[in-house]
1. Conditions first: (1) open to solvent by 40 Å² or more (accessible area, probe 1.4 Å); (2) modelled with pLDDT of 90 or more. G108 passes all but one, so which condition is the exception?
2. Kindly list the number of the only condition in (1) modelled with pLDDT of 85 or more; (2) exposed (fewer than 11 other Cβ atoms within 10 Å of the Cβ) that fails for A28.
3. Here's a check for you: in the stretch 65-100, which residue that is of a type in the set (K, R) and surrounded by 15 or more Cβ atoms within 10 Å (Cβ to Cβ) is nearest to the chain's Cα centre (by Cα)?
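The values are calculated or read from the model by the stated rules, or taken from the named source; none is laboratory data. From a predicted model like this one, the values you see are computed outputs, not experimental measurements. Cβ placement follows ideal geometry from the backbone for every residue including glycine, while neighbour counts extend to all protein chains displayed. Please note that ligands, DNA and RNA were not included when accessible areas were found on the heavy atoms of the full protein model with its side chains. Shrake-Rupley method; radii C 1.70, N 1.55, O 1.52, S 1.80 Å.
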Amino acid sequence: MRAKTRAIDRLRAMRRREKTFVAPVDEAAASVSDHPTKNPGVVAERRGLVRSALDGLPEPQRRVVELAFFEGLKQSEIANRLGEPLGTVKTRARLALERLRSLMKREGTTQA
């Protein structure tokens, strides 16, 4: 019974994480040859747009996004590392992602 409960909890946690954040970027896995466009110029341009959009975020929001996406930390791990309440981290992540989405749409780089 304990094993079953733990397995269900693990599956639920994985589903929540998939809905909240994407997997951390692995530079080796995200090489240009694997990119759908296979055009190094486009890849570099998009990477530059993302970096400039990240730089446009307020420092606390940017730190949360970088820890989540580039280091692959969960929100609770980010809260522990930064010494912030979990609710604060969640709010910063949500606001940052909304702002990034807005900036990227303005640049015409999203598919949505």
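1. Here G108 clears every test but (2).
2. With (1) modelled with pLDDT of 85 or more; (2) exposed (fewer than 11 other Cβ atoms within 10 Å of the Cβ) applied to A28, the lone miss is (1).
3. Restricting to residues being of a type in the set (K, R) and surrounded by 15 or more Cβ atoms within 10 Å (Cβ to Cβ), the top hit is K74.
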